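Presented below is the structure to which this report refers.
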Amino acid sequence: MTYYSDYNWDVRPDRLVLDRDFNLKTAGWNEGEYFKIVYVDGRHQFIKIDPVEQFNLGAKVNGT
């Protein structure tokens, strides 16, 4: 687990804007991936949606 501090996050009702210096690859994320928000053990978490679930939602998977 990696903790990120000293970043500026812009939290809005319709989006979460990451800091310019935040590296998606370091976090293991890629552009175009989908996440869902779940509540587990008293904390909200962004969980990456499996590509099959993403496809079932009618979204593009892996840019196709």
Legend entry - Of all residues in the stretch 47-58 being out of contact with any Asp or Glu (no Cβ under 9 Å at 6 or more places or on another chain) and in a loop (DSSP other than H, G, I, E, B), the one that is farthest from Asp14 (Cα to Cα): Asp50
Inset, instruction - Consider only pairs whose beta carbons are under 7 Å apart and that are at least six residues apart or on different chains; among these, list those whose first residue lies in the stretch 48-60 and is touching a residue at least 40 places away in the same chain (Cβ under 8 Å) and whose second residue is assigned to a helix (DSSP H, G or I) and surrounded by 11 or more Cβ atoms within 10 Å (Cβ to Cβ). - result: none
Inset, instruction - Please name all residue pairs, on different chains or six or more residues apart, with Cβ atoms under 7 Å, provided the first residue is in the stretch 20-46 and is assigned to a strand (DSSP E or B) and the second residue is surrounded by 10 or more Cβ atoms within 10 Å (Cβ to Cβ) and basic (Lys, Arg). - result: Phe35/Lys48
Inset, instruction - Write out, first by first residue and then by second, each pair whose Cβ atoms fall under 6 Å of each other, whose residues are 6+ apart or on separate chains, and whose first residue, in the stretch 3-15, is without any contact (Cβ under 8 Å) to a residue 60 or more places away in the chain while the second is surrounded by 10 or more Cβ atoms within 10 Å (Cβ to Cβ). - result: Tyr7/Asp19; Tyr7/Phe22; Asn8/Asp19; Asp10/Val17
Legend entry - Qualifying positions in the stretch 18-64 - loosely packed, with under 11 Cβ neighbours inside 10 Å and of a type in the set (Lys, Arg): Arg20, Lys25, Arg43, Lys60
Inset, instruction - Of the conditions (1) touching a strand residue (DSSP E or B) at 6+ places or on another chain (Cβ under 6 Å); (2) at pLDDT below 90; (3) polar (S, T, N, Q), Gln45 clears all except one; give me its number. - result: (2)
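Yes/no per residue for (1) at pLDDT 90 or above; (2) among the β-branched types (Val, Ile, Thr); (3) touching a helix residue (DSSP H, G or I) at 6+ places or on another chain (Cβ under 8 Å):
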| site | (1), (2), (3) |
| --- | --- |
| Ser5 | no, no, no |
| Arg12 | yes, no, no |
| Phe22 | no, no, no |
| Thr26 | no, yes, no |
| Tyr39 | yes, no, no |
| Val61 | no, yes, yes |
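The values are calculated or read from the model by the stated rules, or taken from the named source; none is laboratory data. Nothing here was measured: the structure is a model prediction, and the numbers come from that model. Neighbour counts run over all protein chains shown; Cβ positions are idealised from the backbone, glycine included.
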